[in-house]
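Only one structure is covered here, and it is reproduced in the block below.
Readers should treat all values here as calculations from the given coordinates under stated rules, not as data from a laboratory. As the structure is a prediction and not an experimental result, all values here were calculated from the model. When we count neighbours, we look across all protein chains shown, and the Cβ atoms used for this are built from the backbone with ideal geometry, even at glycine.
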Amino acid sequence: MRYLPLSDADRSTMLQTVGATTIDDLFRDVPKDALLAEPVDLPAHASELSVERQLSTLSRKNVSAGEVPFFLGCGAYKHHIPASVDHIIQRGEFLTAYTPYQPEIAQGTLQVLFEFQTQVARLLGCEVANASMYDGSTACWEAIVMAGRITKRKLAILHQGLHPHYVSVVNTMARFTGDDIADWAPTLRADVGYDDLIAEVEANSPSCVVVQYPDVLGRIGDLTPLADACHANGALLIAVVTEPVALGLIRSPGEMGADIVVGEGQSIGVGLQFGGPYVGLFATREKYVRQMPGRLAGETVDAEGKRGFVLTLSTREQHIRREKATSNICTNSGLCALAFSVHMSLLGEKGLRQLAQLNHARACEVADRLSAIPGVKLVNDSFFNEFTIELPVEARPAVRALADKGVLGGVSLGRLYPNEEQLANGLVIAVTETVTDEDISALEAGLKEVCQ
Amino acid sequence: MTVNPSGWRPSTPANEQGEAQTVTGNRALMLEEALLFEIGSTDQTGVDFPDFKPVTGRLGGLERNREIGLAGLSEPEAVRHYTRLSRQNYAIDLGLFPLGSCTMKHNPRLNEKVARLPGFADTHPLQPIDTVQGGLELIDLVGRWLTTLTGMPAVAMSPKAGAHGELCGLLCIRAALEARGDAREVVLVPESAHGTNPATAAFAGYRVENIPANDAGRVDLEALKARLGPDVAAVMITNPNTCGLFEPDMKAISDAVHAAGALVYCDGANFNAIVGKVRPGDLGVDAMHINLHKTFSTPHGGGGPGAGPVVLSAALAPFAPLPFVEKQGDRFVLVEEETAEEHHAQSFGRMVAFHGQMGMFTRAASYMLSHGSDGLRRVAEDAVLNANYILRSLEDVLEAPFGASGPCMHEAIFSDRGFGEGLSTIDVAKALIDEGFHPMTMYFPLVVHGAMLVEPTETESKASLDQFIVALRSIAERAKAGDPSLKAAPVHAPRRRLDETLAARKPVLVYKEPAPAQAAE
């Protein structure tokens, strides 16, 4: 066994030291009838070569995004990741370190987290950010819980443009905590409908309003009036960003008045990975910092006065506070936060802006070309790198037909909202810098065919 | 944006004693590194783009009109920044990392390689099902290994980490109780439990009550039985427990809990001690999360990502969260909200946007297939042998509160009794840092005074253990002799002890550019 260093001679010597005759003497607290005499019914050990072959065979049964024209988004985006990002996250000192509970020998991780927090806070337009959550959807629920703690109210109003899986997570959790959730499915209109939402806020005095920016259909709305309405009614505005690259080009939710901004950081540095692991972003106002969930890295000095970093404000957390903690989260998404931070450092302000501009320019081009197809209608007035089109046919089978032609042509709203007939012809198309001219032509030609 | 034009590093070497001071604060290979925001600038970038014509007309009038303040670095600067920082970290790749309850074992590099195969790493969670059959098959494969190893009929793969898995298990329990019209309010947790247990129970809407341990470090069965009643929804047990001991009464505990109409949650953080040797399903467990980042070697990454699949008993299986993978004929499907209605209507719902930590499943699959059923047994055996070897090699110098009651499982626990005036566990831990080891878990579990919980794992050689034992023995002797120099440890780490009180009293959580007056100095 290549991962087990003890030799049989070591084992006998050590058994002698511990005063045991056989290894099972050490398992003597296990009731006899529960101790397995034989290995369970699974294959025996295998060589590295054999394992790699088995798993490569499995992986080849998938169509990977890089080998076909690819236009999927809706909460996970394909972006180019610089080679150095993966190199750095594979350094053993980052990859195989634990949570930095011993700060004297974890300054690398701690400084990275401090830099990550700074990048996230600035990008989302907030004063402080934490050291990451599992993903955007769980960060969204934690934000609602936090808003409830601050406002002492139970109702969260979700905007119709919040990703339906996020809505589903919130509803699942709220069922158990007794929170009230108001949510709606979107309609295929250009208007994000914030006026209706403001009326809801005024009528119901909720704990918070949750709005995705840009929303699941790709629409972008000004959050300022919404924030004002929330604040006038004692509610918090929670903004959810599932495509942080957008913030290189459009205003951040924080600067428009959002009180808590959460996000899915996957699109910067992390990769698609079939849904996980991703990295949840969580930022808020300084005055709410003690209500925040999750780990925080903070600056301090060591015994010689040198600057250093530690995990701090842990009296909020489960390992100190137990059942009174702000969250049960422990392990978060450290290595993905590192990947995010490295990619963001490579981009910098200038690179992020260029990346965002390139995404938007490509998306505009694709939107124009697709909406020129007879019967296809562009839903959005506003969008960043993702928009919704309405097809003359049902979109879900159309996506499958496109896949048969070797084009992964977007996410159908039928997949996301199987019970909403009014959305059945909707198709959400994401266009990033990875899309080539040939990809666009392939999508255009494919859509023309399936729309006939 | 203001940058740090001189490249000056933050450290002040002025207080170092007996060592040659350097202008930079560096000491040969020990390189100080400034913050990204002190060395980068907003107009530097390490990424090139093709020429294109920017357009902004369709952004809803919300174009950004102020600078974000994101520092950029060229690639050589970035690689150097992070490489320098990485060298200030201890890691399992560098040496023994005996954190009790954390299972810091070697992370095989094959895992990393297969996780990066494009068929796994470069697929989107919402791709048409027929284009991701291999991905779904892989999830099914890992699930099958987990159910077989635990002797449980079902598994929920989507939870993102251990605490999220605990939440999943408790929500299954709550849904099952609600389905039979049985509202119960209390979850019992042993006082030695990891903090996530009570926090999770509270997050799931339960009231938490502690159950005491007996003198042998085990759950007090009689006290537990006395507390069980119609208000108790579940008991959360860690087995092997956080004192590193197997709960010999586990089956009796489960039977008593079931007889009272409640369910048994088992925290699987310590599964490494029994993998391939004991199936929790045989002990009456209803739900147990498995930290793939512990037992199944996926890397800890400086604090995640983890993965926390939850195995479930037949009583809880119908309530498992969405989505999940199911094999229908020779095709794998993803059961989501729309299809759940047909044959999984009791699911408690979705707890995460997509379908779990795929990148961790691929790594765990690689580990499982590599070890096989025979190798996984050996994992538990060697892990337990290594821990007992440490226990018996040090119990003459460090008090082992449960040493007399018999062997430990995969971790050895010591207390700080007998240390000289003013010295405690933290001083021993920090002195271990100077000797080139990561400290053990300190002051946990709370039931042992000044607890030192040592988990060596099976991937340590005897030579490595012997070196650790020599080092810890020497430090323990110094602690007992009251050696005050231990208070100063570590002296050889990149930093001396850090002022955590200051950090909490005046939290500085993000970098702020110095005020102009300061910058001009």
- In whole angstrom, how far apart do the alpha carbon centroids of the stretch A:380-400 and the stretch B:399-430 sit? 63
- Using modelled backbone amide H atoms (1.01 Å from N, in-plane), which distant-in-sequence or interchain residues come within less than 5 Å of A:I250's amide H? B:R64
- Local electrostatic count, B:E458, Cβ distance below 9 Å [Lys/Arg +1, Asp/Glu -1]: -1
- Item | Cα centroid separation, the stretch B:313-331 to the stretch B:117-175 (Å) | 10
- Helix-derived mean residue ellipticity, 222 nm - over chain A, DSSP H n ≥ 4, -39500 (n - 2.57), to 500: -12000 deg cm²/dmol
- Only helices counted: for chain B, with every DSSP H run of 4 or more residues adding -39500 (n - 2.57) and the sum spread over all residues, [θ] at 222 nm is -10000 deg cm²/dmol
- Query: Using alpha-carbon positions, what is the distance between the centroids of the stretch A:1-70 and the stretch B:454-516, in Å?
  - Reply: 33
- antiparallel share of DSSP beta bridges within the protein assembly as shown, to nearest 5, in %, is 60
- Task: Could you pull out every whole DSSP H run in chain B that spans at least 20 Å of Cα extent along its own axis and averages 0.5 or higher on the Kyte-Doolittle scale?
- Result: B:162-179
- Ranking B:P456, B:G482, B:N386 by how far each Cα lies towards the positive end of the charge dipole of the stretch B:370-521 (+1 on Lys and Arg Cβ, -1 on Asp and Glu Cβ), the top one is B:G482
- Take every DSSP beta bridge with both residues inside the stretch B:112-268 and express the antiparallel ones as a percent of the total, to the nearest 5. 5
- In sequence order, calculated HN-Hα J values of the stretch A:278-290 (Karplus, 6.51, -1.76, 1.60; Hz; x Gly/Pro): 10, 9, x, 9, 8, 9, 7, 7, 4, 5, 9, 4, 6
- Message: Taking 2.2 N^0.38 Å as the expected size of a compact globular protein, what ratio does the Cα radius of gyration of chain A give against it, to two decimals?
- Response: 1.12
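Round to the nearest 0.05 the FRET efficiency obtained for A:A199 and B:R66 when R0 = 22 Å and r is the Cβ-Cβ distance.
0.10
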- For the stretch B:161-257 the GluC sites (Glu not before Pro) that pass both the DSSP coil test and the at-most-12 other-Cβ-within-10 Å test are B:E185
- Burial ranking of peptide ranges A:156-169, A:431-444 (average Cβ count within 10 Å, highest at the top): A:156-169, A:431-444
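Return the loop-located trypsin sites (Lys or Arg not before Pro) in the stretch B:445-521 (DSSP other than H, G, I, E, B) with at most 14 other Cβ atoms within 10 Å of their own Cβ; answer none if there are none.
Sparse-neighbourhood loop trypsin sites (Lys or Arg not before Pro): B:K512.
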- For peptide A:380-390, how many partner chain Cβ atoms fall within 10 Å of a residue's Cβ, on average? 2
- Task: Please give every one of the lysines within straight-line cross-link reach of B:K480, meaning a C-alpha to C-alpha distance under 20 Å, and leave out same-chain neighbours fewer than 8 residues apart.
- Result: B:K430
- Dividing the mean separation of Cα pairs under 8 Å (6+ apart) by the residue count of chain A yields a relative contact order in percent of 21
- Query: Principal axis lengths of the stretch A:83-343 from Cα atoms, whole Å, largest first?
  - Reply: 57, 40, 31
- Note on the structure: Within 10 Å of the Cβ of an average residue in A:61-73, the count of other chain Cβ atoms is 6
- Query: Hey, which aspartates and glutamates would be in cross-link range of B:K327, C-alpha to C-alpha under 16 Å, not counting anything within fewer than 8 residues on its own chain?
  - Reply: B:D130, B:E137, B:D140, B:E336, B:E342
- Query: Based on DSSP, what percent of beta bridges with both residues in chain A are antiparallel, to the nearest 5?
  - Reply: 60
- To the nearest 20 debye, the protein assembly as shown has a Cα-centred charge dipole, built from +1 on Lys and Arg Cβ and -1 on Asp and Glu Cβ, of 760
- Given backbone amide H placed at 1.01 Å from N, residues whose amide H is under 5 Å from that of B:V155, ignoring those fewer than 5 places away on the same chain, are B:L312
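Normalised by the residues of the stretch B:108-199, what does the relative contact order come to in percent, with Cα pairs under 8 Å and at least six apart?
Details: 21 pairs, mean separation 13.2, N = 92.
Taking the mean separation of contacting Cα pairs over the length of the stretch B:108-199, I get 14 percent.
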- Query: Rounded to the nearest 20 Debye, what is the dipole magnitude of chain B about its Cα centre when Lys and Arg each give +1 and Asp and Glu each give -1 at the C-beta?
  - Reply: 400
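Exactly which trypsin sites (Lys or Arg not before Pro) in the stretch B:42-85 are in a DSSP loop and have at most 16 other Cβ atoms within 10 Å?
Sparse-neighbourhood loop trypsin sites (Lys or Arg not before Pro): B:R66.
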- Averaged over B:461-469, how many beta carbons belonging to a partner chain fall within 10 Å of each residue's beta carbon? 2
- Any chance you could give the angle, 0 to 90 degrees and rounded to 10, that helix A:8-18 forms with the longest Cα principal axis of chain A? 70
- Query: Roughly how tilted is helix A:334-371, in degrees to the nearest 10 and between 0 and 90, from the longest Cα axis of chain A?
  - Reply: 30
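Explain nothing, just the number: relative contact order of chain B, from Cα pairs under 8 Å at least 6 residues apart, as a whole percent.
After rounding, I find 17 percent.
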- Checking rank on B:103-114, A:224-235, with mean other Cβ inside 10 Å and highest first, the result is B:103-114, A:224-235
- Task: Evaluate 2.2 N^0.38 Å with N set to the residue count of the protein assembly as shown, then give the Cα radius of gyration divided by it.
- Result: 0.91
- Item | More than 32 angstrom apart: percent of Cα pairs within chain B | 53
- Message: Please list, in order along the stretch B:58-69, the HN-Hα scalar couplings obtained from phi with the Karplus expression 6.51 cos²θ - 1.76 cosθ + 1.60 (θ = phi - 60°), rounded to whole Hz, x for Gly and Pro.
- Response: 10, 9, x, x, 10, 4, 4, 10, 9, 5, 7, x
- Message: Per-residue counts of other Cβ atoms within 10 Å, averaged by peptide: what ranking do you get for B:276-285, A:369-378, highest first?
- Response: B:276-285, A:369-378
- Item | Degrees separating the helix A:164-177 axis from the principal Cα axis of chain A, which is the longest one | 60
- Task: Return the sequence-ordered ³J(HN,Hα) values of the stretch B:215-227 in whole Hz as given by the Karplus equation 6.51 cos²θ - 1.76 cosθ + 1.60 applied to θ = phi - 60°, using x for Gly and Pro.
- Result: 5, 8, x, 10, 4, 7, 4, 5, 4, 5, 4, 5, 8
- Message: Under the rule of at least 5 residues apart or a separate chain, name every residue whose amide H is placed under 5 Å from the amide H of B:V508.
- Response: A:E299
